[in-house]
Amino acid sequence: MKKILLIALAMGLSQAQAATYNYVCKDHGKTSTLKVDDAANTLTWKGTVYAIKETDCGRAGWHAEKDGVGFDFCTATKGVADFDFKGSPVTCDMKR
């Protein structure tokens, strides 16, 4: 019984550590939202859901991919992030 309880506790703790990060991004002067969901390993931007993998850019960052299109979403301090999408720079600020 202790073993089952420990397993359930460990599973609950690992799920509690996953986070969702919400950003407001500017691309070609237009504003859109971007969401990173660590639990689902997805990044959603402009209605498209990309699979993410951790990458080593900045303090935290992810490599997003879907159908052969990919980009590195890199964060810096104080909730600032940026990436290049199809050759165009995109800048983001974390929603607070």
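The values are calculated or read from the model by the stated rules, or taken from the named source; none is laboratory data. Please read all numbers here as calculations on a predicted model, not as lab measurements. Counting neighbours? That spans all protein chains shown, and the Cβs are built from the backbone with ideal geometry, glycine included. Heads up: the accessible areas ignore ligands, DNA and RNA and are worked out on the full protein's heavy atoms, side chains in. Shrake-Rupley method; radii C 1.70, N 1.55, O 1.52, S 1.80 Å.
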message: Need the failing condition index for W62 against (1) modelled with pLDDT under 90; (2) open to solvent by 50 Å² or more (accessible area, probe 1.4 Å), just the number.
response: (2)
- request: For the range 40-59, name all the residues that are open to solvent by less than 80 Å² (accessible area, probe 1.4 Å) and either aliphatic (A, V, I, L, M) or in a strand (DSSP E or B) (or both).
  value: A40, T42, L43, T44, W45, T48, V49, Y50, A51, I52, G58
message: Looking at the range 26-54, I want the residues that are on the phi > 0 side of the Ramachandran plot and have a partner that is β-branched (V, I, T) and in a strand (DSSP E or B) with Cβ atoms under 7 Å, at least 6 apart or on another chain. Which pairs are those?
response: N41/I52
